[in-house]
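This report refers to the structure that appears directly beneath it.
The values are calculated or read from the model by the stated rules, or taken from the named source; none is laboratory data. Just so you know, these numbers come straight off a predicted model, no measurement behind them. All Cβ positions, glycine included, derive from the backbone under ideal geometry; neighbour counts span all protein chains shown. We work out accessible area using only protein heavy atoms, side chains counted, and drop any ligands, DNA or RNA first. Shrake-Rupley method; radii C 1.70, N 1.55, O 1.52, S 1.80 Å.
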Amino acid sequence: SQQGEEDPQALSIQEGENATMNCSYKTSINNLQWYRQNSGRGLVHLILIRSNEREKHSGRLRVTLDTSKKSSSLLITASRAADTASYFCATPWGGGATNKLIFGTGTLLAVQP
Amino acid sequence: DTAVSQTPKYLVTQMGNDKSIKCEQNLGHDTMYWYKQDSKKFLKIMFSYNNKELIINETVPNRFSPKSPDKAHLNLHINSLELGDSAVYFCASSQEGSGPVGAFFGQGTRLTVV
């Protein structure tokens with residue numbers, strides 16, 4: 001299976017704490033993407049990191065990529081109750097365009113107010 | 001304005017029926033997709049179209065037939081529905097342009113086959 005895996009499967013933290021989610025993938029990639037899915041809603045693209053980048057920031061999000069270990073992490077700082085959602089990493093199959101995104105298994109994040 | 005819209009949002013139907021889900025994107029993207037999300041939240045691509053042409057067909061039963069009348073629309077028709085077809089179906093679109101970008105997803109259609 002080409003599917004990536006995310007760790008942990010579920011994470012519960014208090015508001016204000018940081019949340020870290022990890023993603024491992026199997027094939028060579030030229031980019032890795034993170035998405036958020038609120039309950040009952042569609043996926044929202046959060047951030048894309050290219051294979052030649054090691055770290056990228058967007059607001060309270062920080063993404064790292066280690067291509068030697070085929071892994072990525074998503075850090076959400078100063079979490080808020082509104083961050084409660086499922087988070088998925090996704091990699092383009094075949095390393096190329098987004099034509100076929102392979103999604104990880106997801107991390108369910110619950111931020112307690 | 002909704003970027004990627006799909007209808008209906010909920011669909012409850014009996015086994016053996018034929019149903020369609022419609023998807024439209026107003027982003028001017030060239031590529032559209034259908035994904036299936038099962039009860040365990042596992043997302044899997046079903047089809048990918050680029051400029052109305054089928055690019056990817058992922059081992060999907062031929063009861064599922066996508067149709068793209070133009071690059072802004074990608075509809076999904078399902079024949080002879082089975083219990084195992086129950087899932088949430090997501091339409092998405094993207095535009096690669098000069099480099100990879102993220103995909104935009106619709107809100108999903110929750111299909112329940114009874």
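Couple of notes before you dig in:
- When residues of the stretch A:71-86 are limited to those that are among the β-branched types (V, I, T) and under 10 Å from A:A19 (Cα atoms), the one least open to solvent (accessible area, probe 1.4 Å): A:I76
- Number of the exception - B:G102 against (1) within 13 Å of chain A (Cβ to nearest Cβ); (2) out of contact with any His (no Cβ under 6 Å at 6 or more places or on another chain); (3) of a type outside the set (D, E, K, R): (2)
- All positions within the stretch A:99-113 that are over 12 Å from A:Q33 (Cβ atoms) and surrounded by fewer than 24 Cβ atoms within 10 Å (Cβ to Cβ): A:N99, A:K100, A:T105, A:T107, A:L108, A:L109, A:A110, A:V111, A:Q112, A:P113
- Filter result for the condition that a residue is under 14 Å from the mean Cα position of the chain (by Cα), open to solvent by 50 Å² or more (accessible area, probe 1.4 Å) and within 12 Å of another protein chain (Cβ to nearest Cβ), over B:K36, B:K19, B:K40: B:K36
- Between B:N62, B:N51, the distinction of being open to solvent by 10 Å² or more (accessible area, probe 1.4 Å) and either touching an Asp or Glu at 6+ places or on another chain (Cβ under 9 Å) or within 14 Å of chain A (Cβ to nearest Cβ) (or both) belongs to B:N51 only.
- Of all the criteria given as (1) away from chain B (no Cβ under 14 Å); (2) within 18 Å of B:F42 (Cβ to Cβ), the one not satisfied by A:C23 is (1).
- Identification of strands (runs of 3 or more DSSP E) wholly contained in the stretch B:12-62 with 1 or more residues that are touching a Gly at 6+ places or on another chain (Cβ under 8 Å) and touching a residue at least 60 places away in the same chain (Cβ under 8 Å) yields B:19-25, B:31-37.
- Verdict on A:Q14 being within 15 Å of the chain's Cα centre (by Cα), touching a residue at least 60 places away in the same chain (Cβ under 8 Å) and at negative phi: no
- Within the stretch B:88-105, being open to solvent by 10 Å² or more (accessible area, probe 1.4 Å) and at pLDDT 90 or above holds for B:V88, B:F104, B:F105.
- Strands (runs of 3 or more DSSP E) contained in the stretch A:51-113 and holding at least 1 residues within 14 Å of chain B (Cβ to nearest Cβ) and touching a helix residue (DSSP H, G or I) at 6+ places or on another chain (Cβ under 9 Å): A:101-103, A:107-112
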